[in-house]
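Worksheet: one structure, shown below.
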Amino acid sequence: MAFVASMPTRRFAAKPGQVIAVSVIALFLLVFLIIPAGTVIYTAFTEKGTGALTVVNFIDFFNTDLFRRSFFNSIYVSGMSVVWATVIALPLAVLTTRFDFRGSLIIQTLGFVPLIMPPFVGAVAMQLLFGRNGTVNLILNDWFGIRLPFMEGLNGVIFVQSLHYFPFILINLSTSLRNIDRSMEEAAQNLGSSGIRLFRRIVFPLAMPGYLAGASLVFVKVFDDLATPLLLNVKDMLAPQAYLRVTSVGLTDPMGYVISVILIVVSIFAMWLSAVAMRGKDYSTTQRGGGGLAKRKLSRGESVIAYGVVALILLLVLSPHIGLLLLSFATVWSFSPMPDDFTMAHYARVFGESSIYIKNTLIYASLAGLIDVVIGGAIAYIVLRTKIIGRRWLDWAATAALAIPGVVLGIGYLRTFYGITLPGGTPLATLWVMVVLALAIRRLPYALRACYAALQQVSESLEEAAENLGATKQRTIRRIVLPLMTGGLLAGFVTSFSTAAVELSATLMLIQSNSDAPIAYGLYVFMQSPAGRGPGAALGVIAVVLVAVCTLLSHYVIERRQRAIGMNK
Amino acid sequence: MNVSINKPALSTAAKAISISDVNLYYGALHVLKDINLEIKPGEFFAFLGPSGCGKTTLLRLIAGFNTARNGKVVIGGEDVLNMPSWKREVGMVFQSYALWPHMTVARNVAFGLEERRLPRAEIDARVQAALALVGLEKLADRRPSQLSGGQQQRVALARTIAIEPKVLLLDEPLSNLDAKMRVEVRRELRELQQRLQLTTIFVTHDQEEANTVCDRIAVFNEGRIQQVGTPMDLYEKPANLFVANFLGTANILDGRVIGSGANRTFEVTGAGSIPIPPGTDVPAGAKLVFRPQYATIGYVQPGWVSLSGTVMHCEFLGATVRYGIAVGTATVMIDVPFHSGAGLLPIGSPTVLGLQPSSALWLAE
């Protein structure tokens, strides 16, 4: 034993193949993430025309009434979205994890449905359901003579965003709640605590890290989102302002870049804040000698209330989807609680004229997913299995993409690659490949986590056994590591694919012609005009179905594979 | 409450525990079967048994985390079976310690007192007293994650004692400690229990732990109490094969009873027969049981009975040599004291086994 332990470890010298892999990845991240982001930041700090370094742009920003208002609106909308997302997610998370609650699986699944549709798509349907003359307000007006301003101005953005992003809190909070060992609660009961007090003093503090992780994610996502406020015609927020400056005033206007920098800074600040709050608080308490999870039974009265609350929340959460579905079949739907009549015409039109959107989406999203899995898998392998100097930097750089909002990346690509033209005369920035690369960069951090998880499941001794029997590193990777990672890589691919398929922020900046546009862009174009709403909704339904089918299919494949090789416990 | 000036006393009045006719099911699974048990005030009592025997289930029933369909659990004269756990005043130390990571040591210990809405000054005094009792006054402001396993265990103990529980329940308290700490902590536990005179139940699967610290032991198997007694009782007079086998090493020989009355003999399968002392109670299907140290090899003392066998293997253990002797179809273990210069018996050689009749037991499953 002692001999084995004192032997030098095997991976000091980097193999040429590894060096090449590291270089290629580094180059990719440099050209498509760091340089564009750096260009945006640099431009924000240079004087227009002269190119001298200055902070005058930022002084201008804060001296402009519109920008100041946009800034505070963005903060307010993000904050309130977190509050409302919490109101939605908290009861769902607590009921499904801490109680013996029938339908937990359905709730946990349905809870994720909002994520497979871009929020702005739901926004239009939400207008029809909750707007000033929407279904709910028409009914309220009929019965009580009141109207509630669900969708007025910033309220609308908050409403749509919290309905869309609450799953982030639900997922993280549920995970945290599930990780609390029952002995934690039992000890408190044993010492005389019960009910709400027990929840407040023990359970919630222990779940806090998960909650904060989810809440900061919601904050950042809402803060960076471009399409929802645009579609709801709310322009005095930061992301829409950045977009409008660049598209209407032009690429040389410094304000777009200043806003971009502020978006980045606030994103990083929110993530840093949650990281600080969570430091040293890995409260995962399921442990040796623990008793697993405590699930309490509900009394009859509690059940009635609980099911009522859950039903109400789910109805609310699914209302954008229901509205969209209605809209996609509606002939005319205006000033009435329900559409006047139903038709298949919108679907016919979408399949007739707009199948190009679907085709483009499939191509872009699969390419982006593929790039993510290849690069993510390579980074995971390099970080976990080699000792190459600087390997951590690859990880950090790839993860840094989290802090770059889609709008900012889009602006960065335009600025960086616009000057570079192809032989035909088209600028590099407007080539459809750029959309793919932007999507790949944006989704890389998520795919990377999936790849890490997949590789960590593969015991190193399995590789050592292969090498011991005479397989080279490359052949070990091909014959042992990759087959065992397939499930995880597929999961990473699906994450990238399904979110890339509905992403709009970066796409909106980079797409120049309809023939290159993916579904999200097509949706956006359709949804701009009242006449386009029907076909837009049909396209939205198709997108939801597309993503849902792909996700379910891959789940099925992963499950089957895991079972086949006995990795399921 | 009696309060002294130097040390605010943690007052405890020893309570008896009486459990009668308790049955517990997990769905169709019958986990506790007809449990009847009397634990005396101030007793240090062990639940001993292999994993899955029901010992922890019964402990959690007493603490109020499981409910029985019928029966009674009376603590200090009060039936607590239908009382929620937070009203029982039954202190439990969890196997995992269950210290809350978001609170300091002092806050952990204060928790139960705060739940009782005691005045701040009294809480502080009792937290101090409880921490002093386990020798951790200096670590009051630490977080549980900054403590060693042994220290965490003491915090868990202090937290429980601080509420002055009627009885103390310890669920495998030593299982997360290393071997050396285990011996140390179990002595401390015994000492503390003696000082507080607190009725204590100790759940363990380790017979050595139960033997060394407890006044009496209940041996569990498959949801039933097999036997209750002092450690020596259980070792010397096990009620059945399970108890004999679970506590210490036991040699078990198959065979059958021949004859009747004063002339009964026990024919060991394939190895001759030995007389059964008159008046011995031999249950149906009984097997011959004896401890490794109650037999001799190579000679038979006067009045002892003999069996022939073959030396199969031998292990030198220092103070003793343990021989494996094939007797009929079985192999028995015999411990022989080692004397300097003495040789070992050669493997494969035939030999004779001497057995003291009074140390032989006939036990059934």
Exposed loop GluC sites (Glu not before Pro) only (DSSP loop, at most 15 other Cβ atoms within 10 Å): please give the longest stretch of chain A free of them, not including the sites.
A:153-569
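How many percent of DSSP beta bridges within segment B:17-239 run antiparallel, rounded to 5?
50 percent
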Virtual spin-label span in nm between A:A531 and A:R68, 7 Å along Cα→Cβ:
4.4 nm
Which semi-axis lengths, in whole Å and largest first, follow from the square roots of five times the eigenvalues of the Cα gyration tensor of chain A?
38, 34, 25
Calculate the FRET efficiency for A:T46 and A:E152 from the Cβ-Cβ distance with a Förster distance of 45 Å, rounded to the nearest 0.05.
0.70
If you take every DSSP beta bridge fully contained in the protein assembly as shown, what fraction is antiparallel? Give it as a percent rounded to 5.
75 percent
Could you work out how far apart the two model spin labels at A:K295 and A:F58 are, taking each label as a point 7 Å from the Cα in the direction of the beta carbon, and quote it in nm?
5.2 nm
Extension reserve of the B:F338-B:E222 stretch, reckoned as 0.36 nm per residue once the Cα distance is removed:
37.9 nm
Trypsin sites (Lys or Arg not before Pro) restricted to DSSP loop in segment A:99-182 with at most 11 other C-beta within 10 Å:
A:R102
Taking amide H atoms as placed 1.01 Å from N in the peptide plane, list the residues 5 or more away in sequence, or in a different chain, whose amide H sits under 5 Å from that of B:V321.
B:V336, B:F338
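Lys and Arg at +1, Asp and Glu at -1: add these up for the other residues within a Cβ distance under 10 Å of B:R322 and post the number.
Values: positive: none; negative: B:E315, B:D335.
With Lys, Arg at +1 and Asp, Glu at -1, the net is -2.
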What base-10 log of the normalised intensity I(q)/I(0) is obtained for segment A:304-438 from the Debye formula, alpha carbons as equal point scatterers, at q = 0.17 Å⁻¹?
-1.07
Can you tell which of A:V234, A:I356, A:V525 lies farthest toward the positive end of the dipole of chain A, using +1 and -1 charges on the Cβ of basic and acidic side chains (Lys, Arg; Asp, Glu)?
A:I356
Taking segment A:195-277, which trypsin sites (Lys or Arg not before Pro) meet the DSSP loop condition and have no more than 14 other C-beta atoms within 10 Å?
A:K235
Give, in whole angstrom and from largest to smallest, the semi-axes √(5λ) of the equivalent ellipsoid of chain B, with λ running over the eigenvalues of the Cα gyration tensor.
48, 25, 16
Distance in Å, no decimals, from the C-alpha centre of segment A:302-365 to the one of segment A:452-485 is 46 Å
Between B:N221 and residues 5 or more places away or on another chain, which pairs have amide H atoms under 5 Å apart, with H built 1.01 Å from N, and which residues are they?
B:Q226
Grab the other residues whose beta carbon is less than 15 angstrom from that of B:V109, score K and R as +1, D and E as -1, and report the net.
+3
Computed, not fitted: 222 nm per-residue ellipticity of chain A from DSSP H runs ≥ 4 (each -39500 (n - 2.57)), nearest 500, equal to -22500 deg cm²/dmol
Return the sequence-ordered ³J(HN,Hα) values of segment B:279-284 in whole Hz as given by the Karplus equation 6.51 cos²θ - 1.76 cosθ + 1.60 applied to θ = phi - 60°, using x for Gly and Pro.
x, 6, 7, 10, x, 4
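Where a number appears in this text, it was derived from the coordinates with a stated rule and is not lab data. Note that the structure is a prediction, hence the values are computed from the model and not measured. Because the Cβ atoms are built from the backbone with ideal geometry, glycine has one as well, and the counts that use them run over all protein chains shown.
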